[in-house]
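Below is one structure, written out as structure tokens; the observations come after it.
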Amino acid sequence: MMPSKIVSTYTSYYGGSDEGRKENIRLGAAFINNILLKPGDEFEFWKYIGETTYERGFKMAGVYQNGRPASGMGGGLCQVSTTLYNAALLADLKITERSPHSLPVHYVPLGLDATVSTGIHTLRFVNNTPNYILIKSKTDANNITFEILGIPVDGKTVKVYSKNVSGNAADAYKDIYMNEELVEHEYLGRSKYR
């Protein structure tokens with residue numbers, strides 16, 4: 001049976017981006033759409049994105065390199081991975097690899113980003129549920145949204161948030177509630193930025 005109920009959803013805004021960055025986000029989202037994972041399967045970002053080449057439709061756009069703004073092929077894909085990361089957290093999936101950017105990004109709270117860079121950084125998570133899950137994406141002129149479909153657990157809600165611990169660092173947390181009662185408080189780690 002195909003997963004049909006939304007377990008989690010997360011949206012981020014990219015409407016202020018240049019056309020190249022918008023196109024990379026739209027393309028990246030399209031590559032990570034209708035991905036079915038059986039229980040125990042691990043998702044890995046670059047497996048679905050593939051090579052970020054001009055021939056495959058990717059454009060030059062802003063990236064961070066060595067802690068400085070620069071231009072690179074596929075700039076904007078970090079917003080795809082970050083949006084999916086937050087959807088995965090809200091679905092209470094097991095995150096197996098995630099790295100923060102070198103500098104803060106504007107589209108999610110500090111500490112809740114997930115940078116990707118070919119051969120260096122990726123995003124991985126495992127379907128740790130007993131059911132199949134389906135990853136769906138959609139984009140419009142301003143927003144990218146990921147939905148994770150599966151079988152929601154009755155009464156379960158997940159909250160993800162971060163707290164600034166200094167000007168350039170944040171601690172991230174995940175709280176799980178059953179029938180509005182806190183049952184699990186997880187520290188996701190500290191992200192430090194330049």
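Quick notes on this one:
- Charge dipole magnitude, Cβ of K and R +1, D and E -1 - segment 4-70, Cα centre, debye nearest 20: 160 debye
- Counting only lysines at least 8 places from residue 22 when in the same chain, those with an alpha carbon closer than 17 Å to its own are 59, 138.
- Protein-only accessible surface at a 1.4 angstrom probe places the residues 27, 93 in the order 27, 93, largest first.
- Each Lys and Arg contributes +1 and each Asp and Glu -1, all at the Cβ; summed about the Cα centre of the chain, the dipole is approximately 400 debye.
- For residue 33 and residue 97, a Förster radius of 25 Å and the Cβ-Cβ distance give a FRET efficiency of 0.75, rounded to the nearest 0.05.
- Carbon plus sulfur fraction of accessible area for segment 11-60, probe 1.4 Å, in percent: 51 percent
- Option label - Kirkwood radius over Cα pairs in Å computed here, alternatives (1) 17.0; (2) 16.4; (3) 18.4: (1)
- When 21, 26, 190, 68 are compared by accessible surface with a 1.4 Å probe, the order from highest to lowest is 68, 190, 26, 21.
- Degrees between helix 77-90 axis and first principal axis of the chain (Cα, 0 to 90, nearest 10): 10 degrees
- Given 136/192; 47/136; 38/136; 5/94; 5/156, the pairs whose alpha carbons are separated by over 22 Å: 136/192
- Separation in nanometres of the label points that stand 7 Å from Cα toward Cβ, at residue 187 and residue 51: 4.4 nm
- Separation between Cα centres of segment 37-83 and segment 145-194, rounded to whole Å: 24 Å
- Per-pair calculated FRET efficiency, R0 = 41 Å: residue 163 and residue 6 via Cβ, rounded to 0.05: 0.90
- Per residue, the convex hull spanned by the Cα atoms of segment 120-165 amounts to 190 cubic angstrom.
- Computed from Cα positions, the angle between helix 19-31 and the longest principal axis of the chain comes to roughly 40 degrees.
- Accessible area in the full protein assembly, largest first, 1.4 Å probe, for 106, 101: 106, 101
The values are calculated or read from the model by the stated rules, or taken from the named source; none is laboratory data. Bear in mind that the values here come from a model prediction, so they are computed numbers and not experimental data. Neighbour counts are summed over all protein chains in view; Cβ atoms, including those assigned to glycine, are modelled from backbone coordinates with ideal geometry. Just the protein is used for accessible areas: all its heavy atoms, side chains included, with ligands, DNA and RNA removed. Shrake-Rupley method; radii C 1.70, N 1.55, O 1.52, S 1.80 Å.
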